[in-house]
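Here is the structure we will look at, set down as structure tokens.
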Amino acid sequence: MFNYVPMIPRPFLYFSPSTEEEALALLKDYKGEAKILAGGMSLIPLMKLRLVSPSYIIDINRIENLSYIKTEGDKIKIGALTRYHDIERSELLKRILPILCETASWVGDPQVRNMGTIGGSLSHADPSGDMGSCIIALRGELVIKSEDKERRIGIDNFFVDTFMTALQPNEMLKEIIINFPKEKSGGAYLKLERRAGDFAIAAVATQISLDNKGICSYAGIGLTAVGPMNLRAKKAEDFLLGKELNDKVIEEAAEIAASEAKPMDDPLRGSAEYKRAMVKVLTKRALKIALNRARGG
Amino acid sequence: MTTTATKAEVKLYHIKVNVNGVDYEHDVEPRLLLVHYIRDVLGLTGTHIGCDTSNCGACTVILNGKSVKSCTMFAVQANGTKILTIEGLAKNGELHPLQKAFWENHALQCGFCTPGLIMQAYWLLQENPNPTEEEIRKGISGNLCRCTGYQNIVKAIMAAAKEMKR
């Protein structure tokens, strides 16, 4: 029997507001039944497979001023609708926070990065999302808006569970704020994949800073695809702080990070044991690269 | 039991697009995918549907200067945009340098992936007119070819880059 999976979504009502206020009003009116369409690189495949069938689609792509990368004081601000391609190519980010460009370059493939947005993928909260781990490593703060208020929330409180965030049905993600790293800083995003453009088997984001004496003064480690959501390797971060980073310390931190991962066996991308072992390898390598970059290498 | 909207609830949206220099206007259902609009409504069947899951890139078109997978976009999203498909590349019966290079370098066997690969290469060369072999391979990593092993595709794109600089 020919078992055809329908690739046409269920019908929905479509809105393409031209202002943020209009979009937020629609979100409030259709609370819980509306979905925001940003790049659509996750939402549309889910709709085509009919795993998700929202009654109302609010396309925010025609709203101006939601896509930007700028500095304000000692902070980088990225608009939620900023495309991965623009993050990957941003001269500003290459100078100040190159790990964002590196992470973006690993997302999907070029066509996906031409459409896909940073806010869309964070809001989608796929545990295999690359950018989530990077924002964890950078301790990003998210600006969330509803019709009546604006609030800020740290990335650790934003991810709640698989595909679940702290966003309420009437809220949308507006901006990502990241502090400038200290002077001697470096980061790296390493990803292991089955083939080009696939979701990660495992991936690790690391960002570190060194003080004048070469002692680790900041450590951020985010893990991709090895738990119910993007995870922070908190114990490994704490272990690195205040230490001079050498091979032995990095080896031990990588071991700790692997113990903090919560991978599951899966038929496509390997056993939990394999993924945990890869977290150790990737963390070790990423920390070494980050350290080298922090030292100006 | 799942419920679906009845026909009466279906609202059509008026869209205007410019495809390969020609203006079109249609009333479409919001759930109509851009690739179905291009193929079934406009009759431009050069753009192919391969995997229908945004993996293979056969449906790649240029939308407002950027390459996108038209199977993962709604036609309503393209309202007001300029689209270039494989049919828009040749000018006055003269093949585009990319088309010529694919032909001359035997960069296709069955040809199914070719329109998508050529459109992606078109975008790639606009972004980076001087790509290295590695940059080409990364640039076409969102397009699958099951025949060629990519070697001749990469060669063709390099040849076209050279030709287009002349």
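The values are calculated or read from the model by the stated rules, or taken from the named source; none is laboratory data. Bear in mind the structure is a predicted one, so any value in this text is a computation, not a measurement. As a convention, Cβ positions derive from the backbone with ideal geometry for all residues, glycine included, and neighbour counts pool all protein chains shown. Surface areas here come from the heavy atoms of the whole protein model, side chains and all, with no ligands, DNA or RNA. Shrake-Rupley method; radii C 1.70, N 1.55, O 1.52, S 1.80 Å.
Looking only at residues in the range B:91-131 that are away from chain A (no Cβ under 14 Å) and crowded, with 22+ Cβ neighbours inside 10 Å, the one that is farthest from B:A156 (Cα to Cα) is B:T114. In this structure, B:I83 does satisfy being away from chain A (no Cβ under 12 Å), of a type in the set (A, V, I, L, M), under 18 Å from B:E127 (Cα atoms) and touching a residue at least 40 places away in the same chain (Cβ under 8 Å).
Find the residue count for the range A:144-171, including only residues that are touching a Gly at 6+ places or on another chain (Cβ under 8 Å) and of a type in the set (A, V, I, L, M, F, W, C). Total meeting the criteria: 2.
Comparison of A:L142, A:L93 shows that the only residue that is under 15 Å from A:F158 (Cβ atoms) and modelled with pLDDT of 95 or more is A:L142.
Condition check ((1) touching an Asp or Glu at 6+ places or on another chain (Cβ under 6 Å); (2) modelled with pLDDT under 95; (3) of a type in the set (G, A, S)) across all residues:
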| site | (1), (2), (3) |
| --- | --- |
| B:A101 | no, no, yes |
| B:H106 | no, no, no |
| B:Q109 | no, no, no |
| B:F112 | no, no, no |
| B:G116 | no, no, yes |
| B:Y122 | no, no, no |
| B:C145 | no, no, no |
| B:K165 | no, yes, no |
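Scanning the range B:37-46 for residues that are within 13 Å of another protein chain (Cβ to nearest Cβ) and surrounded by fewer than 21 Cβ atoms within 10 Å (Cβ to Cβ) yields a single hit, B:D40.
There is at least one residue in the range B:137-144 that is within 24 Å of A:N114 (Cβ to Cβ), open to solvent by 40 Å² or more (accessible area, probe 1.4 Å) and not in a helix (DSSP H, G or I). The number of residues in the range A:55-88 being within 14 Å of chain B (Cβ to nearest Cβ) and more than 18 Å from A:G119 (Cβ to Cβ) comes to 2.
The number of residues in the range A:205-225 that are of a type in the set (A, V, I, L, M) and within 19 Å of A:T165 (Cβ to Cβ) comes to 3. Within the range B:21-34, identify whether any single residue is touching a His at 6+ places or on another chain (Cβ under 6 Å) and either within 14 Å of another protein chain (Cβ to nearest Cβ) or crowded, with 17+ Cβ neighbours inside 10 Å (or both), and answer yes or no. The answer is yes; a qualifying residue exists. I'd like the full set of residues that are free of Cβ contacts under 8 Å to residues at least 60 places away in the same chain and within 16 Å of A:L122 (Cβ to Cβ), limited to the range A:47-67. The one that is free of Cβ contacts under 8 Å to residues at least 60 places away in the same chain and within 16 Å of A:L122 (Cβ to Cβ): A:S67. Condition test on A:K174, is it of a type in the set (K, R) and in contact (Cβ under 8 Å) with a residue 60 or more places away in the chain? Against the criterion (of a type in the set (K, R) and in contact (Cβ under 8 Å) with a residue 60 or more places away in the chain), A:K174 qualifies.
Listed by first and then second residue, the pairs with beta-carbon distance under 8 Å, at least 6 apart or on different chains, first residue in the range B:45-69 and aliphatic (A, V, I, L, M), second open to solvent by 40 Å² or more (accessible area, probe 1.4 Å), are B:I49/B:R39; B:A58/B:I49; B:A58/B:G50; B:A58/B:C51; B:A58/B:F112; B:A58/B:L144; B:I62/B:Y122; B:L63/B:K82.
Comparison of A:I221, A:I256 shows that the only residue that is touching a helix residue (DSSP H, G or I) at 6+ places or on another chain (Cβ under 8 Å) and under 21 Å from A:P181 (Cβ atoms) is A:I221.
Within the range A:269-296, the set of residues being outside any helix (DSSP H, G or I) and either open to solvent by less than 10 Å² (accessible area, probe 1.4 Å) or free of Cβ contacts under 8 Å to residues at least 40 places away in the same chain (or both) comprises A:S271 only.
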